[in-house]
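What follows is calculated from the coordinates using simple rules that are stated; it is not laboratory data. In this text, all values refer to a predicted model and were calculated from it rather than measured experimentally. Every residue, glycine as well, gets a Cβ built from its backbone with ideal geometry; the counts of neighbours run over all protein chains shown.
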Amino acid sequence: MVRQSELDDETQAFLKVVASPVRQAIVLLFAHGSELSVNEVAERAEIPQSTASEQLAVLRHGGVLSARRDGRITLYRADRDGISRALGRLQRFLESCC
């Protein structure tokens with residue numbers, strides 16, 4: 001249960017994710033159900049592979065992306081349920097505090 005005066009850790013992680021313009025651009029790559037590898041994200045976002053990997057980890061931790069293994073490759077996709085839960089928690093917090 002979220003207390004009126006503070007956000008839970010999951011909601012804070014979600015807000016951290018959406019605060020970054022780089023991560024916002026990466027999330028948009030997953031529109032329409034796309035599944036992408038770290039190398040595809042790096043190429044499409046025009047960022048180094050190491051940066052893409054770091055940002056994908058933050059997005060997973062924030063509940064925005066999920067991942068699955070396909071052989072040696074990890075494929076990422078939008079976690080619609082995770083995003084919905086985070087937005088629901090944020091909405092409940094805003095309704096109780098403001």
Could you work out, for the chain, what percent of all Cα-Cα pairs fall into each 10 Å distance bin, beginning at 0 Å and stopping at the bin that holds the largest distance? 16, 46, 25, 11, 2
Give me GLU10, GLU46 ranked fewest to most by other Cβ atoms within 10 Å of their Cβ, as a rough exposure proxy. GLU46, GLU10
How tilted is helix 80-97 with respect to the longest principal axis of the chain? Cα atoms for both, answer in degrees (0 to 90, nearest 10). 30
Under-5 Å amide H pairs with THR74, H placed in peptide plane, nonlocal only: VAL38
Calculated from backbone phi, Karplus (6.51, -1.76, 1.60) coupling profile of segment 19-28 in Hz, x at Gly/Pro: 7, 9, x, 5, 5, 4, 4, 5, 4, 5
Normalising by the residue count of the chain, find the relative contact order in percent from Cα pairs under 8 Å and 6+ residues apart. 34
